[in-house]
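Everything on this sheet refers to the single structure shown next.
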Amino acid sequence: MSCQQTTPYYSVDSDVYHTCRNCTLGDNIESDKRRSGEPGRRHLCQRCKDIKAGRVTR
């Protein structure tokens, strides 16, 4: 399975953002803390990077 691409989203409590809908870390963000849009100074989640590179599936 490859990255199910979505618009960037992040948690207000984290310094990373997510772009893969199937990222398990991104799936665990509580709805009241989840924000969509530009990631700002955050960097891409390592799990999303691994999914995009095909190293992991979820």
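Side notes on the structure shown:
- Arg41, sole failed condition from (1) over 13 Å from Ser2 (Cα atoms); (2) at pLDDT 95 or above; (3) among the basic types (Lys, Arg): (2)
- Filtering the range 46-58 for residues that are at pLDDT 95 or above and not in a helix (DSSP H, G or I) leaves an empty set.
- Looking at Ser2, Ser31, Ser11, just one residue is of a type in the set (Gly, Ala, Ser), at pLDDT 95 or above and in contact with a helix residue (DSSP H, G or I) (Cβ under 9 Å, 6 or more places away or on another chain), and that residue is Ser11.
- Just so you know, in the range 13-41 the residues that are assigned to a loop (DSSP other than H, G, I, E, B) and in contact with a strand residue (DSSP E or B) (Cβ under 6 Å, 6 or more places away or on another chain) include one that is surrounded by the fewest Cβ atoms within 10 Å (Cβ to Cβ), and it is Lys33.
The values are calculated or read from the model by the stated rules, or taken from the named source; none is laboratory data. Bear in mind the structure is a predicted one, so any value in this text is a computation, not a measurement. Backbone-built Cβ (ideal geometry, glycine too); neighbour counts: all protein chains shown.
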